[in-house]
Structures are given as structure tokens and as C-alpha cells.
1. On a 0 to 90 degree scale, rounded to 10, what angle separates helix 517-527 from the longest Cα axis of the chain?
2. How large is the dipole of region 343-415 about the Cα centre if only Lys and Arg carry +1 and Asp and Glu carry -1, each at its Cβ, rounded to the nearest 20 debye?
3. From the Cα gyration tensor of region 46-136, with a ≥ b ≥ c the square roots of its eigenvalues, which class applies: rounded if a/c is under 1.5, or else prolate if a/b is larger than b/c, or else oblate?
4. Report the one residue of M20, A50, G8 whose Cα lies farthest in the direction of the positive end of the charge dipole of region 1-130 (charges on C-beta: Lys and Arg +1, Asp and Glu -1; origin at the Cα centre).
5. Taking K524 as the anchor, which lysines have their alpha carbon closer than 17 Å to its alpha carbon, excluding any fewer than eight residues away along the same chain?
6. Where a Cα-Cα gap under 16 Å defines reach, which aspartates and glutamates qualify for K275, not counting those fewer than 8 residues away within the same chain?
7. Round to the nearest 10 and give me the degree value, 0 to 90, for the angle of helix 351-371's Cα axis relative to the longest principal axis of the chain.
8. Pairs K279/K330; K460/K506; K143/K199; K390/K459: which exceed 26 Å Cα-Cα?
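The values are calculated or read from the model by the stated rules, or taken from the named source; none is laboratory data. Model, not experiment: these values are computed from the prediction. Ideal geometry is used to build each Cβ from the backbone, glycine not excepted, and the neighbour counts take in all protein chains shown. Each accessible area value is taken on the protein alone, full model and side chains, heavy atoms only, with ligands, DNA and RNA left out. Shrake-Rupley method; radii C 1.70, N 1.55, O 1.52, S 1.80 Å.
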Amino acid sequence: ATHEETLGFQTEVKQLLNLMIHSLYSNREIFLRELISNAADACDKLRYAALDNDALYEGDSELRVEIEHDREANTITLRDNGIGMNREDVIANLGTIARSGTAEFLKQMSGEQQKDAKLIGQFGVGFYSGFIVADEVAVRTRKAGTEASEGVEWRSRGEGEFTVADIERETHGTEITLYLKEDAKEFADDYRLQSLVRKYSDHIEVPVRMPKTETAKDDEGNDIEGSEVTTWETVNEATALWARPKSEVSDDEYKAFYKHVAHDFSDPLAWSHNKVEGKLEYTSLLYVPGRAPFDMYERDGARGVKLYVQRVFIMDDAEQFLPLYLRFIKGVLDTRDLSLNVSRELLQQDPQVDKIKGALTKRALDMLTKLSKDSEQYQTFWNTFGSVLKEGPGEDFANREKIAGLLRFASTHNDTATQDQSLANYVERMKEGQQKIYYVVADSFNAAKNSPHLEIFRKKGIEVLLLSDRIDEWLMSHLTEFDGKSFADVAKGELDLGDVEDEAEKKAQEETAKAKEDLVKRVKEALSDGVQEVKVTHRLTDSPACVVLPEHEMGYQMRRIMEAAGQ
Ligand code: ADP
Ligand code: MG
């Protein structure tokens, strides 16, 4: 090896390694899934690159992953003939973490094993998981299409540093050798490795192969020396999971596939697998994750589906196929309607893309509607992604009604902060004569719940939705109707309780207003320019006075957001 240099890991990598080794101990076997997942990704990438340039296969277009072990040396080796890496790639990919939100993530670590294990899983463990079972890892790789002399060897003991050196490497692709820790010897075992491949990597389209050695026997049943023949056996199913008929895919397989696609660690909440033929031809497999990815609130966070065209992987995170408010949905789209040469730029101009986007949006909303039948599961979903879904009515006019049906709110019905009431629940409980759906917006749940504007509603037993998320006022400005009922902010404009009030009450109110004209005049003079108008109100039952905004005025929340934005 020449041109050898020793480099330090980025601080974040050191921290992650440390945490991972300690908190994932009880779930060590996942290292294999992560490494196979990377090898399969590398094969996908080569197939894609070779569309334009067949020569990249270097005469070997049968993509595959191979796993070998050596019981005596205590090693496991994973080999792929995928895209491979050059020196620069190796240093960037296996020495740093280039993900937004990493610092935030590391700050949340608590030192409590179980909690941290969950967090790390959510973040994605990836390549570094090899160090859970190995005290040294060696990577030998060469990027497809480069000279044999451009191979690279990376080595590390997973402490603070790694070495990179130039090597000769005949074949392209990557080979990873794990030098197992004393207490991880169990993994250098045929049976163990096979069952792990089946458990975690059955759904991967690339064949995962393991060697099988057979020795001929003589008449007495003894091995004939020198007769060993090694054949490679494919251990996994090796067909793209989404291309298989639904009836032949088990829940466990769907879950395992999700983990590969979403780089997640935990199970999804729901999935929807569809094959569509006709004007549009596509297969989609969409998932609702069980928890938020680390970068959900980052502007440049990963979103979208994994795009395939006729089974050929094209790109990760194709965000053109789902609206922004469904950015938490993960999955795969495989279509015949796009060209294999499609790029991100071309996607933006292709009219087929919008059609597929419309169809996938519908699929995703239907999947959520189905999930909402299970109130416990749906609550988990809502608590995690509800605030993102609330962007929906503003973004997707056509599906407003459907999205409205999926919304959940806190309400005076049960006066708890949990957002668990649907608009349908509200409408069912509406008073006779009530025409509107009432809501109040405040900075916090408690402020909403204790708003003086609610007094009259509480007295009359009329339910009010209690809104306090940052996005709520914006949401309500785009929701005009549900089930034919309009929405009314209890803090805005004239209070109209519809037919809930009777004539006698109205008359009494008018008389009071007349009797208090003098008082109103004095208050108005005292407040002078601070207010537009002073009125006698029947909104209140206990409080003496409250501030009301004109009907079409921007609400408090919006004002604050605009002010914060410097407008
Ligand atoms: P992720 O797979 O989520 O990107 P990983 O930590 O698993 O993160 O891998 C980091 C990067 O290292 C990959 O994105 C890829 O660029 C590179 N890499 C890892 N394994 C391989 C491999 N077998 N062949 C080519 N590149 C690889
Ligand atoms: Mg990976």
C-alpha cells in the first residue's frame, strides 16, 4: 500500500461510534442489515450509472453481494460489485457524517441505554454499525470505471482515527472485512449469517450469496481429500418486494423492506401497496413511519420516494411525487411512464409526474384515512406528524375536504391538551340550531382553554376547538368549510351563535346595550385611539371586558409570525 495517511474522524463520528457501541449492544445483529443495505444501494447506483455507460460494468454486469466468514480468523467479509468508491469518496463517506440535524441529535442523547438506542435507530446507524461487533474494520474498494491502481484501503479500530492507502484492486466494488470482537464470534457462523440475511435482507433485489463447500465421500463415507467444490448459493429471495403480488408478501417482509428504504430502525405504522395499469402504469409502496425522522423540520431534510423506472433504481428522495405536507411518507415508486434517462431537472417538466403525484397523494390520504379507523395508532401518527399534515389545506386545495377529515383537535369537549377530536366528532355534538364550528386560537393550550372568549360558549354548552400550534391560524385561514358548516373564530367579529340563542335573549341583550350607552362612550374616550370600537357584549359571563378583533383582521398568531419575519 502506498500514499498511506492517518486521518481523524469528525467529532460527530467519534461521538456516534461511542454511543452506538454502548447502546446497541442488545441489538448487535443489525450491523449485517446495514452493510447489506449499503451494498445493495451500491449495486443500484452502478446499474443506474451504467445506463449511460455500459463499460462501467467492466464485463461483469451480474450484480451481487457475497458474504463469507472465517471461523479461525474470526472474520466476516461482505463483498459487492457495485459502484465502489475512490479515495475522496472514502474519506467523505467513512470519516464524516454529512447530515443536517446531527448536532441536535447528539445533544439529545441521555446516557440511558434504551432511550439512546431508540434515538440512534431513528438517526440511522449505517456503516459505523460494523464497530458494534468488530474491533477493527477494513474496507477495500475501487470505483467502477477507474484503473486497477486506483483502489483504496480504509482501516480503522473505531477509536479516533482511520487510515487510507492506495492499493491495486482488480475488481470494482467494495469489500468490507470485520475483525470480530471476542464476544461476537457467534456471527462467524454459516447458519447464523444465513438466518440473518433471510430475516433482514430477503426483500433486496440483488442476490445475496454465501459459499457452500461440498466434499465428495469415498465408499466408507470419508471425505476425499482435494475434492472440495465451492458453489455460491443465493440466500435471499432476491426479487424486488414491490414487484411481488401483495398476497405473497408477509407483514414481516413489508416491515423489513421499510427499514431498508427509510433507513429507519423501527416498524412503520401502515403501508399501502398498489399496482396500477392503464393510462398510468406504476407500482407504489408507501409507508407511514412510526416516528419522525431527525430532519423533518430541516429545510433540506430528505423527503420523497425512492424512484425506479422499470425496476432500475433512478434516485433516492424524489420529492416531486408527493406534496410537501406529506413529506413524512416514505416508500418506492416504480413506473413505466418515465424514461430511464430522467433526471431531477427533467422531472420538474414532465407532465406525467404531476399525474402520478396526484395519484400517490390520493393513495397516501386513503392510507391515512384507513389508519384513522384505529384510534390508538392514529393518535401516535397524529402526535408525530399532525402539525405537518396541517399544512395540507393550504397547499392542496383539491384534497381539502379529505385532509380536513384527518385533522384532530383539542376541544372544550374534554378540555385536555391531546389533539384527539375530529371535525366529524364535533359536528355530531353540535347543538340544535348551531350553524358554525367554533374555535379559539392562542399561544398555548392553557391560554386557549382559559380564554375569556369561551365564557358564553361554556355557559351554553357549545363546544369550541382549542388551537395553539404555531400553524393553526394559518390552517384555519384555509379551511372554510367542513360538512357544509363554516368555521368561526370566537375572538373575531360579531358573535353569532345562530339559532342557539332565542328571541328573548336577543331582546334582553339589546336592552342592556341601550342602557349602557353612556358607559361605552366613556370607555371609548378613555381608550381613544387604542381601539376601533367599544361594544357591549354578551360573550362574557365572568370577565368584565375582552379584546375582540375585527372579522377580517389578521389574528394574533399571524401578526407575531409576520413581526418575527420583519414585516
Ligand atoms: P447511508 O447508507 O444512510 O447513506 P451509511 O453510513 O450506511 O449511510 O453509509 C455512508 C455512505 O458510505 C453511503 O452513503 C455510501 O456513499 C458509502 N458506502 C457505504 N457502503 C458502501 C458500499 N458497499 N459501496 C459503495 N459505497 C458505500
Ligand atoms: Mg446505509
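1. Between the helix axis and the principal axis of the chain, the angle is about 50 degrees.
2. 180
3. It comes out oblate by the Cα gyration axes.
4. Working it through, the farthest residue towards the positive pole turns out to be M20.
5. Cα-Cα hits under 17 Å: K514, K516, K535.
6. In chain and number order, the partners are E248, D334, D337, D366.
7. 70
8. Listed pairs above 26 Å: K143/K199; K390/K459.
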